[in-house]
Amino acid sequence: MLNAIALATKSSLRASPHHAKAFFSSSTRSLARNKVLTIESMNDAVKNVEYAVRGELALKAESLRVDLAQKKPLPFKRVIGCNIGNPQQLYQKPITFFRQVVSLCENPDLLVPKNREALLKLYPMDAILRAEMLLRDVISVGAYSHSKGVPSIRRNVAKFIEKRDGVPANPEHIFLTQGASSGVQTILQVITKNHHTGIMIPIPQYPLYSATLSLFDATPVPYYLDESHQWALNMDDMEASVKEARSKGTDVRALCIINPGNPTGQCLSEENIRQVIDFCHRERIILLADEVYQTNIYQPDRKPFHSFKKILHQMGEEYKDVELVSFHSISKGMVGECGRRGGYFEMVGIDEDVIDQIYKLVSANLCPNVQGQILVDLMANPPQEGDESYPQYQEEVGAIYESLKRRAVKLATCFNGMEGVTCNEAEGAMYVFPKISLPQKAIEAAKKAGKEPDNFYCLEMLDATGVCVVNGSGFGQAPNTWHLRSTFLPEEHLFDEFCAKLEKFHAQFLAKYKD
Ligand SMILES: Cc1ncc(COP(=O)(O)O)c(C=O)c1O
């Protein structure tokens, strides 16, 4: 059960000096012995952190980009970053209304009365009014805000949640964050008392979780997602996992659920969500619901998104004591504003004294960046029917959504068409996670090269095609299975070409390592 994590930790220890090498020149390293802060003396918890999404493959992709810029001959013209859900890096167009408001907030001189006539030739009135309203609250994007986030933006987030779930939300229990990542880190830090604190994480998981647990020296308690049932949660397995961990003295306190899933792309059924809530209630476990992909839902009739908060509310009084924190972000959905770093978390059923401590903790960082907060406001409160910008907003969001939906199907179909590859379809999120059976010769060649077999496959793919994906071992996977994660974010007009590259590479790889 713990093998996948144990393996990840071991390989992280091996990987750390390698990563350090990538960032330091050799002359700096030769002087390192005279320094107080060296690779040996530094914080071990930091060295133990592994983050495959930006690991060896991503570093190699970077150096290939440099090679291309220097016109070195390579078998491809472009490196395609499918290792990270970063839509605008692959040319997804930002939502016009959002950028209009943001640009006015950045340059308030445009809003002065003498510029109004000229401004109205470039900006719709509702964008101007929204920017003016936001600036009344924040004064300037260059000013610190309230440490929990601008109060009026938190009120808009509360309204957004109420509209989504039909359940009241308290703005005082909503904290704006620098992306969902910083929210997850804050909450995991607060929950972790010492090394015996156990946090349940899915396998496969998004490496933010294992990395943060390494950093705070908490104990990961893995539970496997069931690949043969569209990556569903298996409650028996979860029960067994808690039991085993508790029998070894681990104080299991929280369960992380990613829905829709990363890297696995599943969307949990209502039934599965109820089972999870019931499990947390029974086992007295805090539920951490990572819901950053809540609008990336590609089969809304069969597998709609249900928030954990809504289902918890529907389950009634008996479940009132369940403690839930849910996370959301501006990085995903059709917004895709990853670089702006905005998000929020909402706490339900969390003790008020603990909330005060969290407030104190985030106050030490002063505030989340204000530009990110503005995008949270726009995501929570986009143009409404009847507003001047509504038709364009609807058109842009609809076009991105439909295109993602088509690309999700295309990529799963592409992998399913390859020899020895099976791939669950993406019901949500931005990724597929195909299983690849690798020939024994390839496994041996990988061993010889000191690499995990799926890492070896992905490195060869990068060399041959310029496509950068992430090996399944970076997320954890069932023993003796090999996977990779790829986003389906490459531009649609190039998507067939992209799929053809993958197919050609796979066929050549199999021919090269035929048993
Ligand atoms: C499941 C999941 N949670 C959190 C994050 C982090 O998002 P953010 O950019 O908001 O920090 C990601 C990013 O890919 C993710 O996939």
Peptide ranges 392-400, 287-295 listed from the most packed, as the mean C-beta count within 10 angstrom indicates: 287-295, 392-400
Out of all DSSP beta bridges in the chain, what portion is antiparallel? Express it as a percent rounded to 5. 50 percent
Residues in the stretch 176-213 reached by a label modelled at residue 139 [backbone nitrogen below 20 Å; 7 Å Cα→Cβ]: 176
Label points 7 Å out from Cα along the Cβ direction at residue 88 and residue 437: separation in nm? 4.4 nm
Gained length - residue 515 relative to residue 239, 0.36 nm times residue gap less alpha-carbon distance: 95.3 nm
What shape does the stretch 259-333 have by the C-alpha gyration tensor, where a ≥ b ≥ c are the square roots of the eigenvalues, rounded means a/c under 1.5, and otherwise prolate means a/b greater than b/c and oblate the rest? prolate
What nm value, rounded to one decimal, do you get for the distance between residue 125 and residue 112 when each label is placed 7 Å out toward the C-beta? 2.4 nm
Say R0 is 30 Å: what FRET efficiency, to the nearest 0.05, do residue 170 and residue 413 get from their beta-carbon distance? 0.10
No partner Cβ under 4.7 angstrom, meaning no disulfide-compatible partner by this rule: which Cys of the chain qualify? 82, 105, 256, 267, 280, 338, 367, 423, 458, 468
Here Rg/Rh (Cα, Kirkwood) for the stretch 188-322 equals 0.95
Restricting to the stretch 114-246, what percent of DSSP beta bridges are antiparallel, rounded to 5? 25 percent
Per its Cα gyration tensor (rounded if a/c is under 1.5, else prolate when a/b beats b/c, else oblate), the chain is best filed as rounded
For the stretch 464-515, compute Rg over Rh where Rg is the Cα radius of gyration and Rh is the Kirkwood radius from the inverse mean 1/r over Cα pairs. 1.02
Highest to lowest packing among 208-221, 266-279, 244-257, scored as the average C-beta count within 10 Å: 208-221, 266-279, 244-257
Could you tell me the number of lysine pairs in the stretch 405-515 with C-alpha atoms less than 15 Å from each other, where the two lysines are 8 or more residues apart or belong to different chains? 5
How do the peptides 365-371, 474-480 rank, highest first, by the average count of neighbouring beta carbon atoms within 10 Å per residue? 474-480, 365-371
Set of aspartates and glutamates with alpha-carbon distance to residue 72 below 17 Å, sequence-local pairs under 8 removed: 62, 463
What is the Cα centroid distance between the stretch 55-87 and the stretch 248-275, reported in whole angstrom? 33 Å
Under the rule a/c < 1.5 gives rounded, and otherwise a/b versus b/c splits prolate from oblate, where does the stretch 264-396 land using the Cα gyration tensor? oblate
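Bear in mind that the values in this text are calculations on the coordinates, not laboratory data. Predicted model only: the values in this text are computed from it and were never measured. Virtual Cβ from ideal backbone geometry, glycine too; neighbours counted across all protein chains shown.
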